[in-house]
Structure formats: structure tokens, C-alpha cells
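The values are calculated or read from the model by the stated rules, or taken from the named source; none is laboratory data. Predicted model only: the values in this text are computed from it and were never measured. Note: ideal-geometry Cβ built from the backbone for every residue, glycine included; neighbour counts use all protein chains shown.
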Amino acid sequence: MTPPDQRSPSGLATPGRAVAASKETNSSAEGTFAEGKGGVGYFRWAICALLLFGTTKNYMDRQVLSVLKVTLQHDLRWDEIDYSNVVFAFQTAYALGMVLVGRLVDRLGTRLGYMVAMVFWSVASMGHAIAGSITSFATARFALGLGEAGVFPASIKAVAEWFPKKERALATGIFNAGTNFGAILTTPVVALITARMSWRWAFVFVGALGFVWLIFWLVLYWEPAKHPRCSKKELEYIRSNGRGDGQESTQHIRWLSLLPHRQTWAFVAGKFLTDPIWWFYLFWAPGFLQKNFGLTVPQLVAPITVLYIISDVGSVAGGWLSSSLSKRGARINTGRKAAMLICAASAVPVVFASYAGNMWTAVLLIGLAAAGHQGFSANLYTISSDMFPNRVVGSVMGIGGMAGAIGGMLIAKVVGYLLQWTGSYRIPFFVAGSAYFVAVLVIHLLAPRLEPAALGSEAGANA
């Protein structure tokens, strides 16, 4: 399937075709949407919505396990260490997949790379339905982690292709909100399917949703220069990066040449220190609420929904704050780090969650911290495209994502053993409340101005 070619080989619309296209679009609703009221166009926000739904599907697949944690422990006789081993298998594959799939996305391009990842992880998600032992569950989970690793490298690369720098944090915050939408939707969907059928069918139905999303992806997603619904003015706006930066070089960069740069390690450090906290909330928050307050799976729906709605607000607000500061004249460095500091502060009160005697107090504390994480994460993702050219964003995301997944592997084992030995969540919540300030400090030390990495002299063949 090839999109209509409305542009010259250089990627810019030819004058004759631009006039014709303008007349056509002015006479149709589709054209009105593509051009936008201000003349620049806003089809890029339709792309952002598509990324949002992809992230939602991704997190529904990974969240099914945590919603069914107590059920699986009862039916399959798992203890906390068994559960942590299954989570560890996912994290191990996710760490490997982040580097492999991130590089694959750069090689195949965003459209094809995301498609391959979606098909792979959707099939793996459905495969959980035939698992019946720790080994088979761990195998299915490993396959799921390998495929799901593609979602953020592909999404960040798509944002870098479709948005100028001053809008990237907001766009990232919006699609990153899908992590919370996924968690919100999964609980009632899994509860309903499990009550009407069985927990095995929950994996089947949630996994199959990926093929519905895939239809929309193949129909709607192309690079801006090839997209018939991206107007000439919108294309110029995207390429200008909002600051007259111009079009980036298309030279390839060797993968290994990314490692010596401080900018790479700033992103890696941020992911390693903060991603494990999100994994902790994702895989253990439902179990924490069930254990401490005696909730059943259906009773989890309301508190989990509230928790992730709060988190959604943080994701969008964190991206909006950074983008708003940039639009008002603040430097990218100032906007990103100011937003990250505010988000870090909002995570601190979660240290008191394990002491809460009331369920809603605990939910609000965790929700506020999760909101802080999501706002922090929206800006952390965005600095990868601030410091690196589009052609290597997938690879940089993969390296950082691997570091985050390794941190997730460590926290899976640590939390599993802590709960098995002590039965207390106090230490995990203390770590969760303090990690973000450490991350901001390390990022600032490694990239004090978020200056672009000097890659020009290292261009060459892909390693």
C-alpha cells in the first residue's frame, strides 16, 4: 500500500499540486481537518491519538497479569517469589528487546517497525491462555516483553517525525497517558471476562485487540513528507522544529558511537532510576490494595480507576508544563528540568502509603506519585529527541529502555523477596518516593544544558 505522492522527490509539494490540493481540501471536511483553522494544520494530533491507543493496548496486555495476581496465586498455587519470577521473565525480555527492537525500528522505519512489534506482542499476549505452569507462563511473558519493547522507541520516533521540538513534550505526555488508560480499562474488562468465562479468555480477548489497532495504523500512518493529509504548511512547521532548525541530515550513525556521549548516559540514568518505580506500581499496586484492604478483583475497579485517572492528569500536565514554558520563551533545558523537579516533588508523599489505614488515602498517595512519574517520564522521553537526531532516536530509546528494564528486573526480585520475608511494603514505597530527585540530579550533572550530541563526525555504516 503506497500513499498518494503529492510531493516532489525533495519531499516538498510542487507549486501546481499544492494549489490543486489546497482547492480540494478547502472543499472537504477532511481537508479542513488537515489544514486547521490557523493555516498550519494539525493532522499531527491525529497521529498522536493513534500512538495513544497503541500505548493503551500495550499496557492492557501487561496489566492483565497484575489484575489476576491473587487469582493465579490461588489457582496455580504461586507464592510471592513465583510471581516475581514470572515478572522477572518479562523484564529480562523487555531489557533485551529495548535494544534489539529499538534498533529494528530505526532500520525498518516507524510504520513497519511498530507493525511488527504489535503483531508479535499481541500473539504472545494471547499465548498466556494456554499456559498452566510457572515455566509456560514465564515463556509467554518473555515473548510478551520482547515484543512490547517496541512501543516506546516507535512512539518517540513517531513524535520526533511529526512534531516540532516545542510540542514534543506535550505530544509525548498525551500518548504516554495510554499507560494509564490501559491500566484503567484492564481491571473492569478482566473482571468481567473472568466472571463470565475464565481468566484464560481475558488474555485472549485483550491480546486480540492489537489486530484491530493494526488496521488503523496501516491506513493512517506515514511519514509527514509522504502523507496526503499533511499539508505543505504543516510539513514546513514540523521540519522547522518551531525554531528554524531546518531539516536534519539523513546520514546513518553507528550504534556503538552513541555510547561515549554524556547525553546517552543522562537518558540511561534517568530510565534506570525511575522505570523500576513504575513497574512496582504496575505489578504490585493491585496486590497491595487486595492484601491491605481485603479487596476482590471486582472491588479493585474503582480504586485502580481513580489511581490511574490521577496518573493520566500527571502525564498530560507534565508534558504541557514543559511545552508551555518553551512556547513562552524558556529554554528547552529550563522547561524540561523545571517540570521534572515538580514531578519529583509530587512522588515524595508515597512513602506514607504503607501506613495508610484508609484505602482511599493509600490510593490518592499512590495516584499522586504515579502522576509524578508519568509527568517526569513524558519529559524524560522527550529529552532523547532534544539531544539526538530523529534517525537515532529509536536506538537511544532502546538503550535507555534496556537500562530501565534492568532496573525493573532488579526491583521484581527485591520486592518479591521483601514481601515473602517481611510481608511489608514500607521499603519499596520509601524507594519509590526518593528515586526521582536522585534522577534529576544525575541527569543535570551529565547533561547540564541538554545540548545536542555531536554525532556529525561519527556518521557511517550501521554497526
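Matching residues to (1) touching an Asp or Glu at 6+ places or on another chain (Cβ under 7 Å); (2) at pLDDT 85 or above:
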site: 325; (1), (2): no, no
site: 332; (1), (2): yes, no
site: 339; (1), (2): no, yes
site: 353; (1), (2): no, yes
site: 366; (1), (2): no, yes
site: 370; (1), (2): no, yes
site: 377; (1), (2): no, yes
site: 381; (1), (2): no, no
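Taking region 416-434, which residues are of a type in the set (A, V, I, L, M) and crowded, with 21+ Cβ neighbours inside 10 Å?
419, 432
Considering region 327-352 alone, what residues qualify as being polar (S, T, N, Q) and either closer than 16 Å to residue 172 by Cα or free of Cβ contacts under 8 Å to residues at least 40 places away in the same chain (or both)?
334, 346
Restricting to region 169-205, count the residues that are over 18 Å from the mean Cα position of the chain (by Cα), assigned to a helix (DSSP H, G or I) and not basic (Lys, Arg). Steps first, please.
Of region 169-205, the ones over 18 Å from the mean Cα position of the chain (by Cα) are 187-205.
Filter again for assigned to a helix (DSSP H, G or I), leaving 187-196, 199-205.
Subset that is not basic (Lys, Arg): 187-195, 199, 201-205.
Result for region 169-205: 15.
Tell me which residues, restricted to region 50-104, are within 20 Å of residue 297 (Cβ to Cβ), under 17 Å from the mean Cα position of the chain (by Cα) and not aliphatic (A, V, I, L, M).
Within region 50-104, 59, 61, 62, 63 qualify.
Is it the case that residue 387 is buried (at least 24 other Cβ atoms within 10 Å of the Cβ), within 30 Å of residue 260 (Cβ to Cβ) and either in contact (Cβ under 8 Å) with a residue 24 or more places away in the chain or not β-branched (Val, Ile, Thr) (or both)?
No: the conditions fail for residue 387.
Only one of 155, 136 is without any contact (Cβ under 8 Å) to a residue 60 or more places away in the chain and part of a helix (DSSP H, G or I). Can you tell me which?
136
Does residue 332 meet the test of being in contact with a helix residue (DSSP H, G or I) (Cβ under 6 Å, 6 or more places away or on another chain), buried (at least 22 other Cβ atoms within 10 Å of the Cβ) and closer than 30 Å to residue 239 by Cα?
yes
May I ask you to verify whether residue 77 is of a type in the set (D, E, K, R), farther than 23 Å from residue 205 by Cα and modelled with pLDDT under 85?
Answer is yes for this residue.
Filter region 79-103 for residues that are in contact (Cβ under 8 Å) with a residue 60 or more places away in the chain, crowded, with 19+ Cβ neighbours inside 10 Å and of a type in the set (A, V, I, L, M) and give the result.
Within region 79-103, 87, 95, 98, 99, 101 qualify.
Have a look at 411, 399, 383, 427 and point out the one that is touching a Leu at 6+ places or on another chain (Cβ under 8 Å), in a helix (DSSP H, G or I) and farther than 30 Å from residue 325 by Cβ. Give the derivation first.
Values: 411 fails: touching a Leu at 6+ places or on another chain (Cβ under 8 Å); 399 fails: farther than 30 Å from residue 325 by Cβ; 383 fails: farther than 30 Å from residue 325 by Cβ.
Sole residue among the options that is touching a Leu at 6+ places or on another chain (Cβ under 8 Å), in a helix (DSSP H, G or I) and farther than 30 Å from residue 325 by Cβ: 427.
For region 182-198, give me each residue that is touching a residue at least 24 places away in the same chain (Cβ under 8 Å) and of a type in the set (A, V, I, L, M).
Result: 183, 184, 185, 189, 190, 191, 195.
Somewhere in region 368-378, is a residue part of a helix (DSSP H, G or I), of a type outside the set (Asp, Glu), out of contact with any strand residue (DSSP E or B) (no Cβ under 6 Å at 6 or more places or on another chain) and surrounded by fewer than 24 Cβ atoms within 10 Å (Cβ to Cβ)?
Applying the first criterion (part of a helix (DSSP H, G or I)) to region 368-378 yields 368-378.
If we keep only those that are of a type outside the set (Asp, Glu) too, we end up with 368-378.
Those left that are additionally out of contact with any strand residue (DSSP E or B) (no Cβ under 6 Å at 6 or more places or on another chain): 368-378.
Then drop every residue that is not surrounded by fewer than 24 Cβ atoms within 10 Å (Cβ to Cβ), which leaves 368.
Looking for residues that are part of a helix (DSSP H, G or I), of a type outside the set (Asp, Glu), out of contact with any strand residue (DSSP E or B) (no Cβ under 6 Å at 6 or more places or on another chain) and surrounded by fewer than 24 Cβ atoms within 10 Å (Cβ to Cβ), one finds at least one in region 368-378, hence yes.
Looking only at region 390-415, which residues are small (Gly, Ala, Ser) and either modelled with pLDDT of 85 or more or surrounded by fewer than 22 Cβ atoms within 10 Å (Cβ to Cβ) (or both)?
Residues satisfying the conditions are 400, 403, 404, 407.
Out of region 294-304, which residues are crowded, with 17+ Cβ neighbours inside 10 Å and either assigned to a helix (DSSP H, G or I) or in contact with a strand residue (DSSP E or B) (Cβ under 7 Å, 6 or more places away or on another chain) (or both)?
First pass over region 294-304, keeping only residues crowded, with 17+ Cβ neighbours inside 10 Å: 295, 297, 300-301, 303-304.
Matches in region 294-304: 300, 301, 303, 304.
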